[in-house]
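The values are calculated or read from the model by the stated rules, or taken from the named source; none is laboratory data. Note that the coordinates shown come from a computational prediction; the quantities given were computed from them, not determined experimentally. All Cβ positions, even for glycine, are placed from backbone atoms using ideal geometry, and neighbour counts span all protein chains on display.
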Amino acid sequence: MQAAGCQVTEFVSTLNERTRNRLFAIIKKTAEEGKYEEEEIYRHIGEGIWEFKAQTARIYSFNDGTRRIVLTHAGYKPSKNMVKPERDKALGIHAQYEQWKRTAS
């Protein structure tokens, strides 16, 4: 796992207050209520990877098989042909996370 810094935290700190607050509200509601039903806000992009969406900001995530949502990375809205690389990046982080979970147990 990444030892220094958190890419999601660093990205979110660059956003304007309105977008940042919107993302936090979406994540909080998802944590409290489960899956967010509006695809315009929380969208499955394939292979168990989801994106939280606010304005042009995106935070990618997966569910670790419990009630935990793991945030993998963040960035601005990709062009249509860039969704797969974002999903692949999140899948790589997911694999690292699973390996870390096995060794931490």
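For segment 85-97, which positions are of a type outside the set (A, V, I, L, M, F, W, C) and free of Cβ contacts under 8 Å to residues at least 24 places away in the same chain?
Pro85, Asp88, Gly92
Quick one: in segment 40-71, which of the residues that are charged (D, E, K, R) and touching a Lys or Arg at 6+ places or on another chain (Cβ under 9 Å) is surrounded by the fewest Cβ atoms within 10 Å (Cβ to Cβ)?
In this case the residue turns out to be Glu40.
Would you be able to say whether some residue in segment 40-49 is of a type in the set (Gly, Ala, Ser), in contact with a helix residue (DSSP H, G or I) (Cβ under 6 Å, 6 or more places away or on another chain) and modelled with pLDDT under 95?
Within segment 40-49 (the criterion being of a type in the set (Gly, Ala, Ser), in contact with a helix residue (DSSP H, G or I) (Cβ under 6 Å, 6 or more places away or on another chain) and modelled with pLDDT under 95), the answer is yes, since at least one residue qualifies.
Name the pairs whose Cβ atoms lie under 6 Å apart, with the first residue in segment 1-23 and modelled with pLDDT of 95 or more, the second assigned to a loop (DSSP other than H, G, I, E, B), and 6 or more positions between them or separate chains?
Hits for this filter: Thr19/Gln55.
Taking segment 56-82, which residues are in contact (Cβ under 8 Å) with a residue 40 or more places away in the chain and closer than 17 Å to Lys29 by Cβ?
Residues satisfying the conditions are Ala57, Ile59, Ile69, Leu71.
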